[in-house]
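The values are calculated or read from the model by the stated rules, or taken from the named source; none is laboratory data. Given the structure is predicted, the values throughout are model-derived calculations rather than measurements. Heads up, the Cβs are rebuilt from the backbone with ideal geometry, glycines too, and the neighbour counts pull from every protein chain shown. These area figures cover heavy atoms from the full protein model, side chains too; ligands, DNA and RNA do not enter into them. Shrake-Rupley method; radii C 1.70, N 1.55, O 1.52, S 1.80 Å.
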Amino acid sequence: MVSVVPSLWGYAIAGYVMTAGAIGLYVVALHARARRARDRAAAIAGRRRTSTPP
Amino acid sequence: MTRVFGAAPGLVRASLTVERGDLLLVRGPNGAGKSTLLRVIGTALAPTYGSGAVLGFDLALERDEIRRRTELLGHRTRLYEDLTAAENLRFACAMHGVALSAVPAALARVGLADVAKERVSGFSQGMRQRVALARALLRRPELLLLDEPYAGLDAEAKEIVDAAIAEALADGRTVVLATHDLQRGGTAARTIVMDQGRIVG
Amino acid sequence: MVSSLERVAGRITAPRGERILGWATLVAMAASAVMSLVVSPPDAQQGNAARLLYIHVPSAWLAYLSFAVVFVASIAYLATRRTRWDRLAAASAEVGVLFTALAIALGSLWGKPVWGTWWTWDPRITTTTILLLIYVGYLAVRRLSDSPARRARWAAVVGVVGFLDVPVSYLSVTWWRGLHQGTTIRLLGESTIAPIMQVALMTGVFAFTLLFLYLVTVRLRLGRLEDRAVAEALSPRLGQSAEALLEQEASARG
Amino acid sequence: MTLVGQSVAIAAKDLRIEVRGRYALGSVLPFAGTLLVAFGLSLGPGRTLLAETAPGLLWLAVLFASVLSSRRAYEHEGEDGALEGLLLAPIDKAAVFIGKGIAIAVQLLALELAIVLLVSGLFDLSLAVAPLTLVAALFLGTIGLAAVGSLFGVLAEAPRAREAVLPLLVLPLATPVLIAGVRATALATAGRAGEAGSWLGLLLAFDLVFVSVGTLVFGFLLEE
């Protein structure tokens, strides 16, 4: 009797989706935090240049 | 020497030189950076930017040398509540390599000889300041940094502080005194005034 | 040697370098996915669940690699007090936590079909869990102090001590685990895996390492931007660019 | 004053304060006792299960007692800023680490005496079988826990430190002490003390790593 190889694709797919999801979310979060930090620094610098007399 | 910590700069620009054997008086409202300046000189606080030298030793690299010759008396007494006045001083001797025999004399000078064996937890704020002062007198520091030493003291205790300052100056040692007390510091060789972290006067 | 290392690091972290690294990572990850899901055959006993090997092993590798980077960066910071080492430690720690958690999740996900339970105190996964807890402690210490210099110093000490603790923990867990059950059924299976599978695994490790470099690079840029934002708020009083001042601190100490 | 002299002075000061405040006797021991009774209630009343888990329960109580003692060792420094006094003293900062470590270890050993008696009573742990191995395991484990506690206890004094930061740091790092301690204790009380050698060796290795590294890096934690 041919030994039926259990496919168990479910576990593999679950693992790959979880990994891709986690890494994807982290990359997006990193870029978002970077943009926010850059804008905050620019805003402060902008306000400072306008407020101090030339 | 510039010191910035946290978001609020405690001390922005302070370049300062003090001659040996002088009494420098530091005036200024609360929060003007007086404490910060003294804590930086006394190596309790590391400057974020800039550098300095105290008694000829580099502020960043030779701190232990400075600490061997300096005593910083701040408003926080740094005492152990559960220990007696004598035990607090004996521990300070062990930390600074001073003979234990100096303890009785130091306590006597601040008028606490009779309560030497009692725990500091039972002391009033004035008495605690005196124990801290006694600890400062245990050794003869080349540089005495006094931050509001008169705060919370009665007239008699204030005299003791003045006597200690006078004695240090007589020995040619240096004293930096930060205080609001306008009657004090009359004999100051130099006075600086601080406001919002800057030396203005 | 250190300065040349820093020059290379400088080039990588320049925005253009980051984008190139990003694309290279994407290509490598795609190649690894194809190798792992399509090219390599299913395992004789475990079927396709064995494909988890190609992401579990690289994640575990990154977990330990990133903590080693934290260790080296922490020592470098304590020696030189340059803020860039502290930023590298922080970046590597944050990325490391992600992969440590992934490695544990994938390990237990893979354990389910092989051992029938999510958790069997397998020595490697247990040690990786201890590593995760140490990381969480490291990140907690980074939030303890408001003064950047103090935070960096405290984090560096935990980075050093935490890393040295891992081998001793691994040894104790392995001995402890070894008592109850002969040789643990190794996740990889006793037979050496087929050459094609080994190639797939190598691709995975290479791709994940590139991914690690990319994530740390982006996180470093974020670290610099955040420091600049804080320094920018302070710099008007100092009248100098904050970046120069932060570096001056290092040279004054050096 | 040598490093040893300074460390002993700090340890003596800590222990005198501890005896005066009776913190170990007053709150850590009752805590450990409550913990053990709670273990009994949760795992009991079957005597066999309790006897089997007794070594684990003992070391869990010791582990938590070490965290409490470590925090206490630095808490009494914080009252009037005494920690700054130690920072300003021209001493090798390692002396603070070693001194406090000794004080924590001494308190822990005293607590362990009581905990062991409690555990042997509540959970039929047979102490007489191999007392020497048992004492060795407790002693070596205590040094390790004291080293970790003395090193990171100072962080519990940070302005923004929350209650959980010390246990969060100490427990994962102390895993080898917990595992080796429990195994060595189990072997000692089960009459197989001969096999405990490797575990005692592991404890010794842990102690060497943490005491030496702690001495090297502690200064960075105390520095202002």
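A single member of C:Val8, C:Val39, C:Val2, C:Val95 is out of contact with any strand residue (DSSP E or B) (no Cβ under 6 Å at 6 or more places or on another chain), aliphatic (A, V, I, L, M) and at pLDDT 90 or above, and it is C:Val95.
For segment D:5-59, a tally of residues being within 21 Å of the chain's Cα centre (by Cα), within 22 Å of D:Glu77 (Cα to Cα) and assigned to a helix (DSSP H, G or I) returns 22.
Annotation note: of B:Arg139, B:Arg109, B:Arg119, B:Arg128, the sole residue that is among the basic types (Lys, Arg), touching a residue at least 40 places away in the same chain (Cβ under 8 Å) and in contact with a strand residue (DSSP E or B) (Cβ under 8 Å, 6 or more places away or on another chain) is B:Arg139.
The set of residues in segment D:81-115 that are more than 21 Å from the chain's Cα centre (by Cα), outside any loop (DSSP other than H, G, I, E, B) and more than 16 Å from D:Arg71 (Cβ to Cβ) comprises D:Glu84, D:Gly85, D:Leu86, D:Leu87, D:Leu88. Considering (1) surrounded by fewer than 18 Cβ atoms within 10 Å (Cβ to Cβ); (2) facing chain B (nearest Cβ under 9 Å), the lone condition that D:Thr2 does not fulfil carries the number (2). So for segment C:107-126 (the condition being open to solvent by 20 Å² or more (accessible area, probe 1.4 Å), within 14 Å of chain D (Cβ to nearest Cβ) and in a helix (DSSP H, G or I)), does at least one residue qualify? No, that holds for no residue. Looking at D:Leu168, D:Leu222, D:Leu138, D:Leu145, which one is more than 13 Å from the chain's Cα centre (by Cα) and touching a residue at least 40 places away in the same chain (Cβ under 8 Å)? So the residue among D:Leu168, D:Leu222, D:Leu138, D:Leu145 that is more than 13 Å from the chain's Cα centre (by Cα) and touching a residue at least 40 places away in the same chain (Cβ under 8 Å) is D:Leu222. The residue that is nearest to the chain's Cα centre (by Cα), counting only those in segment B:48-68 that are crowded, with 19+ Cβ neighbours inside 10 Å and part of a helix (DSSP H, G or I), is B:Arg67. Filtered by the rule that a residue be over 18 Å from B:Glu142 (Cα atoms), open to solvent by less than 30 Å² (accessible area, probe 1.4 Å) and among the aliphatic types (A, V, I, L, M), segment B:158-193 gives B:Ile160, B:Ile192. Within segment C:41-94, can you find the residues that are closer than 14 Å to C:Leu201 by Cα, charged (D, E, K, R) and in a helix (DSSP H, G or I)? Listed by number, the list holds a single entry, C:Arg51. What about C:Arg84, is it over 17 Å from D:Thr175 (Cα atoms), open to solvent by 40 Å² or more (accessible area, probe 1.4 Å) and either among the acidic types (Asp, Glu) or more than 10 Å from every other protein chain (Cβ to nearest Cβ) (or both)? Here the answer is yes, as C:Arg84 does meet what is asked.
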